[in-house]
Amino acid sequence: MKKKLIFDTDAGADDLLALFFLLKNKKNSLDKIITSYGNYSLEMVANRVNRFLSENNFEANVITGSGKPLKRNYHFHGFDIHGDLWTDISLKPKTSLIKKIFNYKNITFFQKDDKNKYTYVSVGPLTNLSKVVLKSPDRIKEAFIMGGSLFYPGNATSVAEANFYWDPEAAKKVLTSNIKKYLIPLNLTDKIQFNRKHLRKLKSKSLKKLMTSYCDFYIDQKKEVFSGLNKEKIIYKGAAIHDLVTTVIAVYPNIATFTDQVISLESIENNNGLIIPVLRKEHQVSNNDDLVKLRVAVNIDIEKFWKIVKVIFEYN
């Protein structure tokens, strides 16, 4: 049976690459796309998603999600990383291709006659998912969350990953909830990069347009990262595709290795998204409400990953 997916996105380049994969892959059913602020304002995200669907003649249910964090202000950081393609809100998509566009209020998109349980793929801020957890946790079979950074530098601050950074309060609500969840952290997703060799293989003009500036940004930075745990040096020779990695794992979880990890959320709010692994066993069994045990992805079969995503290179 195909997995029924909800895809929660802030429309970065790697988000849309993941969306293309989901819409072409035959092992899943993409039922709902929920938009979120994050890489762009909510209005730009909604337009970018809808324009992307329109450019590729895709049909989908698009739900307008949260426009700001639960308790904090939102500030758009600019176009430097993910580019400005399809962000001009004066240029509207061909709406005939969009099955439904409706607002995400009170989580009413779960219709009464819809008895399905969904795999929730969260690749943006966790604001939307925190509301689902509050209102309709029984509708979530499992959640795969791109977020956090363990034994590894952050990409929003020196210690925090961006999705947790945007809304730490929402992240804490989700991580302490009772839904079944899998964390796909930055240190795992950084293992796979999309380079110019991959770029040349793309047949889709819209994907090539999307990924060219994104790859250029990463390659021009000459970015290097050291893992704090084993001093492994990662040199970026392409673009990080965190959200595609997370999405592929959600559909094919067997390509990843998971472990149980106790994590402290004591600093997640005060330090803007910082999560801390608890390594001493005597500290892992306290009654501290800030401690959670999560299934965390620690490795991935990179060869299998590229075989699975070959569909993104095969279609115009």
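The values are calculated or read from the model by the stated rules, or taken from the named source; none is laboratory data. Nothing here was measured: the structure is a model prediction, and the numbers come from that model. Neighbour counts are summed over all protein chains in view; Cβ atoms, including those assigned to glycine, are modelled from backbone coordinates with ideal geometry.
See the values below:
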item: Qualifying residue in region 164-178 (condition: of a type in the set (Lys, Arg) and over 19 Å from Gly124 (Cβ atoms)); result: no
item: Enumeration of residues in region 205-214 that are surrounded by 13 or more Cβ atoms within 10 Å (Cβ to Cβ) and out of contact with any helix residue (DSSP H, G or I) (no Cβ under 7 Å at 6 or more places or on another chain); result: Lys209, Ser213
item: Residues of region 156-199 classified as over 19 Å from Phe305 (Cβ atoms) and free of Cβ contacts under 8 Å to residues at least 40 places away in the same chain, total; result: 1
item: Residue tally, condition buried (at least 20 other Cβ atoms within 10 Å of the Cβ) and in contact with a strand residue (DSSP E or B) (Cβ under 6 Å, 6 or more places away or on another chain), over region 263-277; result: 2
item: Residue among Val123, Val159 that is crowded, with 21+ Cβ neighbours inside 10 Å and among the hydrophobic types (A, V, I, L, M, F, W, C); result: Val123
item: Count of residues meeting criterion [in contact with an Asp or Glu (Cβ under 9 Å, 6 or more places away or on another chain) and within 15 Å of Ser130 (Cβ to Cβ)] in region 149-169; result: 4
item: Flag for Asn272 being on the phi > 0 side of the Ramachandran plot and either within 19 Å of the chain's Cα centre (by Cα) or not acidic (Asp, Glu) (or both); result: yes
item: Of all residues in region 198-245 being β-branched (Val, Ile, Thr) and either modelled with pLDDT of 90 or more or part of a helix (DSSP H, G or I) (or both), the one that is nearest to Phe52 (Cα to Cα); result: Thr212
item: Every pair of residues 6+ apart whose Cβ atoms lie under 7 Å, when the first sits in region 38-55 and is in a helix (DSSP H, G or I) while the second is of a type in the set (Phe, Trp, Tyr); result: Val45/Tyr37; Asn47/Trp86; Arg48/Tyr40; Arg48/Trp86; Arg51/Trp86; Phe52/Trp86
